[in-house]
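Chemist: First the structure, then my questions, so here it is.
No value in this document is a laboratory result; all are computed from the given coordinates. Source: prediction; values computed, not measured. So basically every Cβ, Gly included, is an ideal-geometry build from the backbone, and we count neighbours across all protein chains shown.
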Amino acid sequence: MNIRAIPGVAVYLLSGQCIKDDIDVDVDRYLKWAVNAPSTKARRLAFCLVRKKEFRSVFAYRIRHHKFLSKIINIFTPRIKTIEIGNGGIGPGLYISHYNCVIFCKEAGKNLRVGPGVVIGRNGTEFPIIGNNVFVAANSVVIGDIKIGNNVIIGAGSVVTKDLPDNGVYFGNPAKLYKPLLTDSIYMEQIM
């Protein structure tokens, strides 16, 4: 295990079971396509903390309640400052695929995947609510008091300011339904 990851693994071990479970799912998402990924939970977490820079921001979000320990971990495995995550609860399986994005939502379900340059935020005082298994592709904007359904893909460069129902691929400015998506679709398996 890389020595830089030891503080992060220690905070993981000191965290409550709910936080550990969320982190475990996040790690699994980041290692989904990895070849020769470590097998134990601690080594998998250490691998992500050292080699997956985007994961560091996800990890910092998960352990944000450990204020002092978060600062120590940031010394050894610094998070990327161009990734901002905040506000409401985000379910397990958060995957950020690039260095630049902003995620501020009222809440988000499990398996949220965010591409580069994405902005999820408020319009006025209200934030979006995002369902399970949602992929927001590069340079998209999702803002306001809206609801994004489950099993939704938002295409690159889209602007979403109105509710999007479940099971669909949406894109454009404003985002419109491109095609319905079956929940067992091969697209969801490949993308998520």
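Chemist: If you average the C-alpha positions of the range 102-121 and of the range 47-74 separately, how far apart do those two centres end up, in angstrom?
Modeler: 18
Chemist: Efficiency by 1/(1 + (r/R0)^6): what FRET value for residue 82 and residue 166, r their Cβ-Cβ distance, R0 = 22 Å, to the nearest 0.05? The partial results should precede the final answer.
Modeler: Working: r = 31 Å, r/R0 = 1.42.
The calculated FRET efficiency here is 0.10.
Chemist: Over the Cα atoms of the range 83-191, what Rg and Dmax result, in angstrom?
Modeler: So, for the range 83-191, Rg and Dmax equal 12.2, 37 Å respectively.
Chemist: May I pose another question? State which entries of 41/71; 106/176; 20/81; 20/176; 20/52; 41/110 exceed 27 angstrom in Cα-Cα distance in the structure shown. Don't skip to the end; give the middle numbers.
Modeler: Working: 41/71 23 Å; 106/176 23 Å; 20/81 24 Å; 20/176 37 Å; 20/52 18 Å; 41/110 20 Å.
Too far apart for the 27 Å limit: 20/176.
Chemist: Further question on the same structure: If you wrap the range 3-76's Cα atoms in a convex hull and average its projection over all directions, what's the area in nm²? Present the calculation step by step, with values, prior to reporting the outcome.
Modeler: Numbers: hull surface 17.7 nm².
With every direction weighted equally, the projected area is 4.4 nm².
Chemist: Determine by what factor the alpha-carbon radius of gyration of the chain differs from 2.2 N^0.38 Å, reporting the quotient. Spell out each step's value before the answer.
Modeler: On the way: Rg = 16.5 Å, N = 192, 2.2 N^0.38 = 16.2 Å.
The value comes to 1.02.
Chemist: Now for a separate question. Can you tell me the FRET efficiency between residue 125 and residue 64 if r is taken as the Cβ-Cβ distance and R0 is 22 Å, rounded to the nearest 0.05? It would help to have the intermediate numbers written out before the result.
Modeler: Values: r = 22 Å, r/R0 = 1.00.
Computed FRET efficiency for residue 125 and residue 64 comes out at 0.50.
Chemist: Could you give me the ³J(HN,Hα) list for the range 21-29, computed from phi with Karplus coefficients 6.51, -1.76, 1.60 and θ = phi - 60°, whole Hz, x at Gly and Pro?
Modeler: 4, 4, 5, 4, 5, 4, 4, 4, 4
Chemist: Then there's this: Arrange 125, 77 by Cβ neighbour counts within 10 Å, fewest through most, would you? Display every interim value, and only then the final one.
Modeler: Working: 125 7, 77 23.
Starting with the residue having the fewest Cβ neighbours, the order is 125, 77.
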